[in-house]
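Throughout, read-outs are computed from the coordinates displayed, never taken from laboratory work. Note that this is a predicted model, so its numbers are computed, not measured.
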Amino acid sequence: MKRPHPRHARRGRGPIAKRWIYWKRRYAHPTRRDWVLLGCLLGVAAAAACSVVDFRLGAVVLAIVPAGLSGFRAMPPPWTEVWTNRSKAVDITTCLLFAGLLVGLAFLVPLSR
């Protein structure tokens, strides 16, 4: 009866090493989409930190994120590679509308003090 090879004697890379190589290659050179996502996450974290100080300040800082995205969307063609197959006007309008709604809600909600 033939015994199976011990674990250290197997050939090739294991599944964890292969996955590590894939992730290392994938994220070695981040694309513009990755930077936009990182900027959005940092904006949300800043809004959460500001909301500890004041609710309305946190809402205004949070509204800056979609307003910044609309400004980023309105830039010339090399910067618009993040979005594909969508209307530029609809994106800008939606982001600005969402930012306006956030600020409007922040000042409509009464403070509970």
Report summary line: Hydrodynamic calc, the stretch 24-64: Kirkwood Rh from Cα pairs, then Stokes-Einstein at 25 °C with viscosity 0.890 mPa s, so D in µm² s⁻¹ is 219
Report task. Compute the Cα gyration tensor for the stretch 16-113, then decide on rounded, prolate or oblate, letting a ≥ b ≥ c be the square roots of its eigenvalues: rounded whenever a/c is under 1.5, prolate when a/b is larger than b/c in the other cases, and oblate in all that remain. Result -> oblate
